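The values are calculated or read from the model by the stated rules, or taken from the named source; none is laboratory data. Remember, it's a predicted structure, so these values are computed and weren't measured experimentally. FYI the Cβ positions are ideal-geometry reconstructions off the backbone, even for glycines, and counts take in every protein chain you see. Keep in mind that these areas ignore ligands, DNA and RNA; they rest on the heavy atoms of the full protein, side chains included. Shrake-Rupley method; radii C 1.70, N 1.55, O 1.52, S 1.80 Å.
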Amino acid sequence: MTPKGICVLLDVCTPGFTMKSWIPIRMAWEIRQHIQQGSSSLGIVSPISCALWGATCTATNCFKEREIPIAYSRGQHTVSKVCYYVFAPRPHAQTFITRDMLHKAYAVSPVREGKVCCQGNLIESVGETYSSYPNAFIY
């Protein structure tokens, strides 16, 4: 990867056929393992919650998902559910984070209504809805 390059890893949200968990959960676990190695040269750009707290994240069964509405020419509508991460070399990844992106907690998935990522932990969002929090996928 070049010093200012980026890499996008995207997968459709489906159950893993040979694994006992959903692919996004497994992907989050493996990315966290890699990022938390001291020798990793990669930094996360998005989701912003992972970019901020990925190095110290302790969340288990984390499920990050983005819903993308799709409209067909015959008037049909559906939603595609995907999980993606954007990576860059660590020094370059840090340049994407600006002060206005910094919040205490982020919504990580509409299906996780009631849970938000707060400093690397999935917590209950007490009295607030999913849309009350900034979306972790800000790009």
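When only residues in region 53-72 that are within 20 Å of residue 91 (Cβ to Cβ) and in contact (Cβ under 8 Å) with a residue 60 or more places away in the chain count, which is surrounded by the fewest Cβ atoms within 10 Å (Cβ to Cβ)? Per the criteria, the residue is 56. Whether a residue is part of a strand (DSSP E or B) and either modelled with pLDDT of 80 or more or loosely packed, with under 14 Cβ neighbours inside 10 Å (or both) was assessed, and residue 128 does not pass this test. Exactly one residue out of 99, 90 is open to solvent by 90 Å² or more (accessible area, probe 1.4 Å) and at pLDDT 85 or above: that is 99. Residue by residue through region 23-52, note down the ones that are open to solvent by less than 30 Å² (accessible area, probe 1.4 Å), part of a loop (DSSP other than H, G, I, E, B) and more than 20 Å from residue 104 (Cβ to Cβ). The one that is open to solvent by less than 30 Å² (accessible area, probe 1.4 Å), part of a loop (DSSP other than H, G, I, E, B) and more than 20 Å from residue 104 (Cβ to Cβ): 40. If you scan region 26-63, which residues turn out to be touching a helix residue (DSSP H, G or I) at 6+ places or on another chain (Cβ under 6 Å) and not small (Gly, Ala, Ser)? The answer is 44, 45, 48, 57, 61, 62, 63.
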